[in-house]
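J.: One structure, as structure tokens, below. Some questions next.
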Amino acid sequence: MKKLPVVLVVLVLGCLALAASAAQARDLHIGISANSRGGATAEDIGDIQDLVAETGSHWIREDLEWQAVEPSKGSFNWSHYDALFQEAAERDLQVLPILNAPPCWAVPKEVEECENSYPTSNSDYANFTAKAVERYGPGGDFWEAHPLLDGDLAARFWEIWNEPYFGFTTNSKVDPERYAALYKAAVIAGREANPATDYLIESAVDARTGPEPSPTRSKAPRRPSVSSPTTKPRLSNANGTLAHGPPARARRNTPG
């Protein structure tokens, strides 16, 4: 049997608000950060997702990379992610997309690793968000084009960026205010494009976040917090929280 080509982690999508009233119940979904998008073909994607399905999980967390679907401004190619969503739906898997990895045209010219930098324009990222949720969100174009698939598996929840509390995903510029502004722009555009969608704001429960402890300190430093820049209207429906293992050296491909 093939081994999953990533370190399996338990993804806890806690506190998903499913109704307007705070008194109503909240759900807890547990899934796997599977990296099935790394498959070169639909068959490869399916092989990875088969391993996920064997665990009994019904959720997979996947990067939906901006650079892959809009390599040049205004030119979209969804074919690879269409295959990912189709293979997932055929296995009764629900996808939690992470909207990240900008193309080089969308970041400052001096940036070397485009996919690990904030975009120059929040509106460009917001437009990408809107296009993605129009396609894969509830009632989206993808589901209308595939009526035999279960539309209840459409992506309702969307994660904005990946690990903004680590420098290697933000061009070494960990900036809560910058992330909050990006998040706000994306959520406003996404909800306008598809009102049935909800959005997760990044947070962490890992000792690796924040500065390294100082030898002169007896207490661990407080972690930087990231919050929505406004509460009216409420932008964040939940936190996207990853339960990491014991503290270890952060790696570039560590899912978060």
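The values are calculated or read from the model by the stated rules, or taken from the named source; none is laboratory data. Predicted model only: the values in this text are computed from it and were never measured. We place every Cβ from the backbone using ideal geometry, glycine too, and count neighbours over all the protein chains shown.
J.: Looking at TYR81, TYR136, which one is aromatic (Phe, Trp, Tyr), on the phi < 0 side of the Ramachandran plot and touching a Lys or Arg at 6+ places or on another chain (Cβ under 9 Å)?
T.: On the way: TYR136 fails: touching a Lys or Arg at 6+ places or on another chain (Cβ under 9 Å).
Result: TYR81 is the single residue among TYR81, TYR136 that is aromatic (Phe, Trp, Tyr), on the phi < 0 side of the Ramachandran plot and touching a Lys or Arg at 6+ places or on another chain (Cβ under 9 Å).
J.: Could you check the stretch 22-43 and list, in sequence order, the residues that are more than 24 Å from PHE128 (Cα to Cα) and modelled with pLDDT under 95? Full working, then the answer.
T.: Residues of the stretch 22-43 more than 24 Å from PHE128 (Cα to Cα): 22-32, 43.
Of everything in the stretch 22-43, those that are more than 24 Å from PHE128 (Cα to Cα) and modelled with pLDDT under 95 turn out to be ALA22, ALA23, GLN24, ALA25, ARG26, ASP27, LEU28, HIS29, ILE30, GLY31, ILE32.
J.: Can you find a residue that is touching a residue at least 60 places away in the same chain (Cβ under 8 Å), polar (S, T, N, Q) and within 18 Å of SER33 (Cβ to Cβ) anywhere in the stretch 88-97?
T.: Taking the stretch 88-97 first, the residues touching a residue at least 60 places away in the same chain (Cβ under 8 Å) are 88-89, 92-97.
Those left that are additionally polar (S, T, N, Q): 94.
Pick out the ones that are also within 18 Å of SER33 (Cβ to Cβ) and you get 94.
Yes, there is a match, as at least one residue in the stretch 88-97 is touching a residue at least 60 places away in the same chain (Cβ under 8 Å), polar (S, T, N, Q) and within 18 Å of SER33 (Cβ to Cβ).
J.: Moving to a separate point now. Could you identify the single residue in VAL187, VAL133 that is touching a helix residue (DSSP H, G or I) at 6+ places or on another chain (Cβ under 6 Å) and not in a loop (DSSP other than H, G, I, E, B)? Explain how you work it out, then say what you get.
T.: Details: VAL187 fails: touching a helix residue (DSSP H, G or I) at 6+ places or on another chain (Cβ under 6 Å).
None of the others qualify; the one that does is VAL133.
J.: A further question follows. Only one of ASN162, ASN171 is within 14 Å of the chain's Cα centre (by Cα) and at pLDDT below 95. Can you tell me which? Let's see the steps before the verdict.
T.: On the way: ASN171 fails: within 14 Å of the chain's Cα centre (by Cα).
Answer to the check: ASN162.
J.: Does the stretch 164-175 contain at least one residue that is touching a residue at least 12 places away in the same chain (Cβ under 8 Å), among the aliphatic types (A, V, I, L, M) and either farther than 14 Å from LEU99 by Cβ or not in a strand (DSSP E or B) (or both)?
T.: Yes, the stretch 164-175 has at least one match.
J.: Are there helices (runs of 4 or more DSSP H) fully within the stretch 39-128 with at least 2 residues that are farther than 24 Å from ASP141 by Cβ? List them.
T.: Numbers: elements: 42-54, 66-69, 79-90.
The qualifying helices (runs of 4 or more DSSP H) are 42-54.
J.: Identify the residue in the stretch 34-83 that is crowded, with 19+ Cβ neighbours inside 10 Å and among the acidic types (Asp, Glu) and, among all such residues, is nearest to CYS114 (Cα to Cα).
T.: Ranking the qualifying residues of the stretch 34-83, first place goes to GLU65.
J.: I've got another one for you. Can you tell me which residue among ALA181, ALA154, ALA145 is surrounded by fewer than 22 Cβ atoms within 10 Å (Cβ to Cβ), modelled with pLDDT of 95 or more and under 19 Å from the mean Cα position of the chain (by Cα)?
T.: Details: ALA154 fails: surrounded by fewer than 22 Cβ atoms within 10 Å (Cβ to Cβ); ALA145 fails: under 19 Å from the mean Cα position of the chain (by Cα).
The unique qualifying residue is ALA181.
J.: Considering LYS131, LYS109, which residue is among the basic types (Lys, Arg) and touching a residue at least 40 places away in the same chain (Cβ under 8 Å)?
T.: On the way: LYS109 fails: touching a residue at least 40 places away in the same chain (Cβ under 8 Å).
Residue meeting the stated conditions: LYS131.
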